């Protein structure tokens, strides 16, 4: 019992869990936009992160792997995996939900959201990060697609991948911290809404689920606390390097909490 989130096929509280994660990640996404994009102090802090980054147009993997063909191929492969492991309904979900999240990211960034120029800086809107959205969407799809017995391990590896991508996006100056948080929050909200409409039907037990879930939560919140401390110290010392480190640790925290959320959302239905 300690290694599973559910009995065979059913997990209690599927819709209430989905509602909670929808609300949580909506707060994260809206808060990131309001504080990082629409706020003068937030803009200055995030500009210092860009100043400390070492920009490159040729980053290493995994960041340089994103393209329209590779994303399309990945979704097809994940869909086929879900079809084999769970059936047609799950295959439909793990291809359509990530695609909707990716499309929503572009619509929000290019059409609906704006970035006001609150001080002397040419600042086109980059919220939410398209790259962060893509990786989070693929991780979420893969967690939902694989057989239950290995799902927690996939979530753990997914947290590592999301942390690495978030770190790269900031270290190489491609995005601001709010962009990273916004991309992660968007995907988690879309998956949570899908779970709210129809909770996932789980085939079998998720091995090591509680252990991984608790571990990701602890790591995520500890890193989030450390990021806040670093941001406070960076503000007091006017240190761009410390502010960059705060953003990077915040990205690691968000990746861990997102992987946990996506794992929990895949656990079953009411």
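Bear in mind that the values in this text are calculations on the coordinates, not laboratory data. Keep in mind that what you see is a predicted model, and the values were worked out from it rather than measured. When we count neighbours, we look across all protein chains shown, and the Cβ atoms used for this are built from the backbone with ideal geometry, even at glycine.
Overview of results
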item	result
Extension gain, residue 44 back to residue 84 (0.36 nm per residue minus Cα-Cα distance, nm)	9.5 nm
Packing-based exposure ordering (other Cβ within 10 Å, fewest first) of 132, 243	243, 132
Exposure proxy order (Cβ contacts within 10 Å, fewest to most) of 127, 181, 55	55, 127, 181
Ordering of 193-201, 246-254 by packing [mean C-beta count within 10 Å, highest first]	246-254, 193-201
Rounded to 10°, Cα long-axis angle of helix 209-237 versus longest principal axis of the chain	10
Computed lengthening from residue 229 to residue 198, 0.36 nm per intervening residue step minus Cα-Cα distance	7.2 nm
0 to 90° range, to nearest 10: angle between helix 130-145 axis and the chain longest Cα axis	20
Taking the chain and dividing mean pair separation by its residue count, relative contact order in percent (alpha carbons under 8 Å, at least six apart)	35
Backbone N under 18 Å from the residue 68 label point (7 Å along Cα→Cβ), restricted to segment 77-118	99-111
Inter-site label distance for residue 217 and residue 27 at 7 Å from Cα along Cβ, in nm	1.5
Taking 92, 21, 191 and counting other C-beta atoms within 10 Å, the order from fewest to most	92, 21, 191
Candidate values (1) 18.2, 58; (2) 17.5, 53; (3) 18.9, 55, label of the one derived for Rg and Dmax of the Cα atoms in Å	(1)
Pair residue 107, residue 16: separation of 7 Å Cα→Cβ label points (nm)	3.2
Cα long-axis angle, helix 240-265 against the chain (0 to 90 degrees, to the nearest 10)	20
